[in-house]
Every structure is written in C-alpha cells, then in structure tokens.
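Trainee: Take a look at the following structure, please.
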Amino acid sequence: MTDKKTAEPGKAPDLEKLEDGRLVLNMGPSHPAMHGIVRLLLTVEGERVAGSDIEIGYLHRGFEKTCENVTYNQCVPYTDRLNYVSPFINNVGYALAVEKLMGVETTARCKYVRVIMSELSRLTDHLTCIGANAMELAAFTVYFYLINAREELYKLTDSVAGGRITPAYTRVGGLTRDLPADFKRDTAEVFKKVRKNISDADKLLTRNRIFYDRLHGTGHISKEDALALSFTGPALRSTGVPLDVRKATPYLVYDRFDFDIPVGSNGDNYDRYLVRLEEMKQSMRIVEQALAQLPDGPINHPGFDVSLPPKAEVYGNIEALMAHFKLTFEGVKPPKGEVYQAVEGGNGEVGFYIVSDGTGHPWRVRLRPPCFPLTGGLSKMIQGGYLADIISTFGQINMIGGELER
C-alpha cells in the first residue's frame, strides 16, 4: 500500500488507511459543526488526532472587492455580513476608519450611541457562542436559555436600527437614527431577563461535571503560541494576556467607563467559556454607564460634505439640496491617503484598512478578521486531543464564516 512517505510526487496518498495503522478522515465541510465552510483533513490514531490540515474557501463572499466598486456609505451593509452575530461592531469599525481618513469627528451623542449598540452586539455574540457550543455538546436546555436572552436583545436593537441581523446602522459621520424615547427603560427591563438567563446557564454549565470535563484541558494553547499566531479576543485573553482594543487603544468614549478585562490562565476551552461569561456582565455594565452619561444633541456631523442634510434644509436651501444629490450619487470623498482602524469585536480585533484615491469609491479595502488567525491555529489546538474534542474547540473559537472567508 502506498502511504504519504512513499507516494510519488504529485499523487495523493491513500486516504483510507496508512501502513502504520493511522486513518485519514474528512471532517466537513458538510459536518454540522463545521458550518459548511471549513474542512478538516484529520490523521487519527484510534480516537486521537495525530495531525490535521485546515482548509477554508467554501464561501467566497468577495467583501473587499465589492467595497472597492461602491461608494463609502454603500459598504456599510456589506460590513453587517462579516460577523452577522455582532453586526453593529462591524458598522462602527468601518465608519470610524472612513472618518479617520477624512479627519472628521462625530458628535458626543453619536459616540455614546455607537458604544451602546456595540456592547449590545457583543452580548448577542457571546450568547450565541456559548449557547451553540453547549448545544453541540448536548446541553440543549442551556441553548434555549441563552437564545431567549439573545432574542430579547434583538428586539431591543431592532427598535433602534430597524434590523435584527443586518441593521446597516452607521453612516460616515453619524447614524441612521437616534435611540427611541423609551430606550433606557426598555434596556433596564431587557437586562433583567438577560441576567436571569445568564445566571441559569451559569448554574447549569460552570460546575457541571460533564461540561467541565469536555472543556477543561481541551483545545489548549500556550500564551507564546497564541501571540505568535496573532490571536486576539477571548481566545488570547484565556491564556492570560489582557489585550483588549477598548483598553489598549481606546476609541469612541470607552476611556470614560469603568469596566474590567477578564483573563484566564490555562488557555483552554473552559477558560474561553469563563472569559466570555464574564465579558457579558462587563458589557452590560458599560451600557448602563453609557446610558447614565448619555448627552443630548445631534447624532450626525453637521458638515454637508460628510452627512446628508436634514430634509427641512434640503427643501429650502440650495446648498443643502446640492449636497444631498452629490452625497447620494457620488458619496463622500476622503482625501488621498491610507488608514487602519481597529475595534474590539466579539472574537477579537476587527480592523479595517482603507486606501483612498480621492474619489467617492475606496481604492482598496482590506479587513483584519479575528477568526482567520484563530482558525489558522486550530491544528495546534486539536493536536493530540480526542476526535470528539474538536467540537468543543471549534465552537469556542467561535468561527464566523463571513469574516473568515471574505
């Protein structure tokens, strides 16, 4: 029988059984836990993973090239679809990058509202991650608890943006609309339900012997390897590195809030779970502080070359009418230059790199997705573990296809 060591160059080995007793198995892309876009080529010895090759490329969204053929504001709906579990964070990160390129600053109220919506998005992201991972490990009750909590948050964000999954809420220089009049009261009511559901899930999972054994010690990665692989977010913080973009390079008004950055010490799946659990509590803490400090005022930049003028002015002011048409058809026109802007996403650093040639279309757009380095490190995390542990590890890196395979 031909194996990998004796196979002729250019010819694939026998993928059923190697001479030393190892098996080469496909896991995905059709496997339910692989989400249809990741394929693992596994070499297994019994139930242990002896080696693996991670293959992506089953989605082909073309995000970056699409953005280079539309106006700057027309890119916003595409950013929703990068991480569709926490779309507001993508909206905010992209808008901040363009505003940085233009050298403009949004109003104080806009900054606070962007923080609020970003943190609500972080909550929905972590609830989905923990709930779905628990379900894949057969803890179905927990899934319903956390998805019910997410549903309450979706209703809240829907009341603001008019969209649950793809809200396209930001614009260059501002937002599509302000918070509803009863938003602060509604948020307090929703947070009561969310805290109750998180508490119930905590009681069911954290000290559950089965859940603990499936996560503790599995998917381990060292601090040094995580840094070498450019890990960010909960996966990096689980190794003990307290890196968070909101603290390291504060943007918007995050430097005005008191919140903690939870870290782990083992770098395993259980620590990643604990980090996300605590981060949800910190996100609610940030939202409550932001609502308490929320200033009055406009939500959009006053410049006619940045934001669409109010309709009342369009109907009675020739300059406003001209600006309305030019912004609608040609879009904003940042000066020539390049910029990189990072924000803290649900899975780590989300960065937008934009190059402007002075026209109404971006010349180049590139995304720094947190999922790509995490998926790249999956081989190291599952090496030597059980085949069944791949499910918990892949679930805890929380791969999101839209940003992984653009």
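Nothing in this text is a laboratory measurement; each read-out follows from the coordinates by a stated rule. Since the structure is predicted, the reported quantities are computational estimates derived from the model, not experimental observations. Here the Cβ is made from the backbone with ideal geometry for all residues, glycine too, and neighbour counts use every protein chain on show.
Trainee: Given charges of +1 on the Cβ of Lys and Arg and -1 on the Cβ of Asp and Glu, with all other atoms neutral, how large is the dipole of the stretch 277-368 about its Cα centre, in debye to the nearest 20?
Mentor: Value, rounded to 20: 260 debye.
Trainee: Which residues in the stretch 358-374 place their backbone N less than 12 Å from a point set 7 Å from the Cα of LYS336 along the Cα-to-Cβ direction?
Mentor: 358-359
Trainee: Give the average over all directions of the projected area of the C-alpha convex hull of the stretch 275-406, one decimal, in nm².
Mentor: For the stretch 275-406, the mean projected area of the Cα convex hull comes to 12.2 nm².
Trainee: Can you tell me which of GLU136, GLU152, GLU47 moves the most in a GNM of the chain? Springs connect C-alpha atoms under 10 Å apart.
Mentor: Of GLU136, GLU152, GLU47, the most mobile in the Gaussian network model is GLU47.
Trainee: Go through ASN347, GLY297, ASN317 and say which Cα lies farthest out towards the positive end of the charge dipole of the stretch 287-373; charges sit on Cβ, +1 for Lys and Arg, -1 for Asp and Glu.
Mentor: ASN347
Trainee: Using only alpha carbons, build the gyration tensor for the stretch 60-121 and give me the equivalent ellipsoid semi-axes, biggest first, whole Å.
Mentor: Its equivalent ellipsoid spans semi-axes of 21, 16, 7 Å.
Trainee: Check every DSSP H run in the chain and write down those whose alpha carbon atoms cover 18 angstrom or more along the long axis and whose mean Kyte-Doolittle hydropathy is 0.5 or greater.
Mentor: 87-102
Trainee: Considering only GLY377, GLY395, GLY62, give the residue with the highest GNM mean-square fluctuation for the chain, with springs between Cα atoms whenever their separation is below 10 Å.
Mentor: Top of the fluctuation ranking is GLY62.
Trainee: Dipole of the chain, Cα-centred, from +1 at each Lys and Arg C-beta and -1 at each Asp and Glu C-beta, to the nearest 20 debye?
Mentor: Magnitude of the dipole: close to 560 debye.
Trainee: Moving on. Roughly how many debye, to the nearest 20, is the charge dipole of the stretch 340-406 about its Cα centre, given +1 on each Lys and Arg Cβ, -1 on each Asp and Glu Cβ, and no other charges?
Mentor: For this selection, approximately 160 debye.
Trainee: Using the 10 angstrom Cβ neighbour count as an exposure proxy, how do LEU23, LEU404, LEU294 rank, fewest first?
Mentor: Lowest count first: LEU23, LEU294, LEU404.
Trainee: Using all C-alpha to C-alpha distances in the stretch 176-238, build P(r) with 10 Å bins and read off the rounded percent in each one.
Mentor: For the stretch 176-238, the binned pair fractions read 17, 23, 27, 23, 10 percent.
Trainee: Pick from THR43, THR375, THR124 the residue whose mean-square fluctuation is largest in a GNM of the chain, springs joining Cα atoms under 10 Å.
Mentor: Answer for the Gaussian network model of the chain: THR43.
Trainee: Related question: Report the equivalent ellipsoid semi-axes for the chain in whole Å, largest first, defined as the square roots of five times the eigenvalues of the gyration tensor built from alpha carbon atoms.
Mentor: 41, 27, 17
Trainee: Give me the number: length gained by fully extending ASP200 to ASP305, i.e. 0.36 nm times residue separation minus the C-alpha to C-alpha distance, one decimal in nm.
Mentor: Value of the extension gain: 32.8 nm.
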